[in-house]
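Right, one structure below, let's go through it.
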Amino acid sequence: MELHRPFTRVGCALLVFVLPQLAGVWLAKDSYQDELHRRIERAASESVAILDDLILTAEHNNLTLLPLLLRPCSDASTAMRLIAGKEPFVRSINLLRDEVIYCSSLYGNTAIRDNSITYVDNRLALVDGRSDNQMLQSMLLIRSDMENEAVVTSLSGTALRCMLGLLDKGVSTWLQIGDQWLDSQGRVLADAP
């Protein structure tokens, strides 16, 4: 190799300076992607843990209220309101008989049909906010059955949006319950995103 030629010297100098910089950029990019992946996995794990905790708490409360299914709404509504008031993100607790909500922690005695909601494993349902049944935002419903009666706790869409918001804003996140999806803005989607 002839190093006395200017072109060869410039080429060697560029190789000596550019190759390490390119390797450094590649390593920095790779390190950044690994860190981003770890942060996303950690946030996703935290989101799942929060959702599991919310569902387990709602199921526990539902089981606590199952004996009230045999009593009139006037006897059950106080216990329902106490639980709904102390639990964060609980929007309401409802008692059903033959798919009719006959008692609500929000409204007391009611007669609202609940047969339009499809539950996954007769346990969970994601519903979009609709004015026809007085819901203002999306909710996650947790149902506990006893023969033809049930206790249904509705978790506010605020809790779900908060949980999905744990991830970085640049990352799209969804919650899937059955065939329905909830995005981080609280919209329920019928099709997979």
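Okay, here's what the table says:
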{"read-out": "Helix-only CD estimate at 222 nm, as mean residue ellipticity for the chain, using -39500 (n - 2.57) per DSSP H run (n ≥ 4)", "value": "-15000 deg cm²/dmol"}
{"read-out": "Helix 6-65 axis, angle to the chain major axis (alpha carbon atoms, nearest 10°)", "value": "10"}
{"read-out": "For the chain, accessible area per residue (1.4 Å probe, heavy atoms of protein chains only), Å²", "value": "61"}
{"read-out": "Per-residue SASA entry for residue 30, accessible area with 1.4 Å probe, Å² rounded to 10", "value": "60"}
{"read-out": "At R0 = 30 Å, FRET efficiency that the Cβ-Cβ distance of residue 122 and residue 75 yields, to 0.05", "value": "0.70"}
{"read-out": "FRET efficiency for residue 31 and residue 176, using Cβ-Cβ distance with R0 set to 35 Å, rounded to 0.05", "value": "0.65"}
{"read-out": "Residue-wise HN-Hα coupling along region 79-84, computed from phi with Karplus coefficients 6.51, -1.76, 1.60 (Hz; x: Gly, Pro)", "value": "5, 5, 5, 5, 5, 5"}
{"read-out": "Segments 36-44, 89-97, 64-72 sorted - mean Cβ within 10 Å per residue, highest first", "value": "89-97, 64-72, 36-44"}
{"read-out": "Carbon + sulfur, % of accessible area of the chain - ligands and nucleic acids excluded, 1.4 Å", "value": "58"}
{"read-out": "Heavy-atom accessible area order for 174, 181, largest first, 1.4 Å probe", "value": "174, 181"}
{"read-out": "Magnitude of the charge dipole, the chain, Cβ model with Lys/Arg +1 and Asp/Glu -1, debye to 20", "value": "740"}
{"read-out": "Cys with no candidate disulfide partner in the chain (beta-carbon separation under 4.7 Å rule)", "value": "12, 162"}
{"read-out": "Candidate values (i) 28, 20, 14; (ii) 57, 15, 12; (iii) 32, 16, 15, label of the one derived for semi-axes √(5λ) of the Cα gyration tensor in Å", "value": "(ii)"}
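The values are calculated or read from the model by the stated rules, or taken from the named source; none is laboratory data. Just so it is clear, the structure is predicted and the values come from calculations on it, not from any experiment. Glycine also receives a Cβ, built like all others from the backbone with ideal geometry; neighbour counts cover every protein chain displayed. For the accessible areas, the whole protein counts, side chains as well, though only heavy atoms, and no ligand, DNA or RNA atoms are used. Shrake-Rupley method; radii C 1.70, N 1.55, O 1.52, S 1.80 Å.
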